[in-house]
1. When the gyration tensor of the stretch 132-289 is built from Cα positions, what are the square roots of 5 times its three eigenvalues, in whole Å, from largest to smallest?
2. What's the long-distance tail for the chain, i.e. % of Cα pairs beyond 37 Å?
3. Which residue fluctuates the most in the chain, going by a Gaussian network model with Cα springs under 10 Å, if the choices are C73, C220, C23?
4. For Q327, enumerate residues with amide H under 5 Å from its amide H, sequence gap 5+ or separate chain, H modeled in the peptide plane.
5. Please compute, over every Cα-Cα pair in the stretch 202-321, the percentage with a separation greater than 24 angstrom.
6. What is the gain in length, in nm to one decimal, between F206 and D116 on full extension, counting 0.36 nm per residue of separation less the C-alpha to C-alpha distance?
7. Please determine, in degrees from 0 to 90 and to the nearest 10, the orientation of helix 314-323 with respect to the longest principal axis defined by the Cα atoms of the chain, where the helix direction is its Cα long axis.
8. Beyond 24 Å, what share of the Cα-Cα pairs of the stretch 15-106 is found? Please give it as a whole percent.
Amino acid sequence: MLRVYILCSSIHSANMSGKDVKCGSHLKSIDELTGYPLFPTGTKSLMARFNTREIWKKYHDKKDAYGLPYKLCVFSGIKNLDSGVGVYASSHDSYRTFSELMDQVIEAYHKHKPGDKHISDMDANKLKCPLLPPDEAKMIVSTRIRVSRNLEGYPLAPGVTKEQRDEIMGKVVRACDTFTGDLKGAFYPLEEMAEKTRKKLIADHFLFKEGDRFLEACGCNRDWPSGRGIFYNAKKTFLVWVNEEDQLRIISMQQGSDFSAVFKRLSRAINHIESVATFSYDDHLGYITSCPTNLGTALRASVHIKLPKLSARKDEFQAIADKFHVQIRGTHGEHSKNEGGIYDISNKRRLGRTEVQLVQDMYNGVKAMIAREKEL
């Protein structure tokens, strides 16, 4: 199968002054970007907006500290014209080396300026999330809070090699082996997992699938399923995904609506992993992730919730989401549809605010949606 991702050693710089290239799905690799990418009218991605001819001229033949090219960072948005952002960083250094593009994307999405700082706070005691009364709690199927993390000293998913991915998995497994109590569990490599088990875990929303076309275009799906796996505890209330879009997705989840219990479990788990592993972080961008939208806390606090009456009023549903800084997604997350009238509601903000503030965003938004559903 032809890979979209091209290793740095095979990238040539010839024809960089060639004719402009029309963007779209016909592009098979970054080698085909021999000139400035032209977007059709109506393309709305942040990359299309900010990848001006001047920036393209400055960066098109440049590489970051890991030898990973600018073209790899922007290829997903060039290939997929319906991208919202269209940028994936290949390494922590991509944000520095290609800062004239990255800074504009980050400021447009997060309202976080180049001189702004990020502060982390996982103190669950600061949350104001009392238990919901029974008539409201029954609307919520489950609660999940996750964070993405990447290890310091390695490229991110678009640029990591197979050998580095295997090394990362080994380090994460060794860290997970030291969990005790309710967090104790086992690690299951995808390569060794029975197909029936894999499908069941995906159907139950415990396991990730191979990345979509957006991740495929930036190289995240290479060598699938090698170097990937999942750790989970006995009750399946705590999980660690290894080498999906980011190197770690640390997840706390359970049925029902006990927001505080879910966040406290996650906080304990992260503190433990951080005691044996170093995450990629800086004071401006917070925790480093491949997709700029996840920078900062890299946290997504969400519920699966039944809102049949409110969801039928799409404009009003979206207006409440916008007011409380939350997103409405399908049952299986971004780019998916709802199933059985169940929606995924999560915080939208990531960067420049603490983890506590973002979980509070989600709680407040869900409370407002429930109140409106009851009125209707």
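1. 26, 19, 16
2. Values: 14081 of 70500 pairs.
Percentage above 37 Å: 20.
3. Judging by the Gaussian network model, the answer is C23.
4. Distant-sequence amide H within range of Q327: S346, N347, K348.
5. Working: 2924 of 7140 pairs.
That fraction is 41 percent.
6. Additional length available on full extension: 28.9 nm.
7. Once rounded, the angle reads 90 degrees.
8. That tail contains 10 percent of the Cα-Cα pairs.
The values are calculated or read from the model by the stated rules, or taken from the named source; none is laboratory data. Quantities reported herein were computed from a predicted structural model and do not represent experimental measurements. Cβ atoms come from the backbone with ideal geometry, glycine included; neighbour counts cover every protein chain shown. Just so you know, the surface numbers come from the protein's heavy atoms only, side chains and all, with ligands and any DNA or RNA stripped out. Shrake-Rupley method; radii C 1.70, N 1.55, O 1.52, S 1.80 Å.
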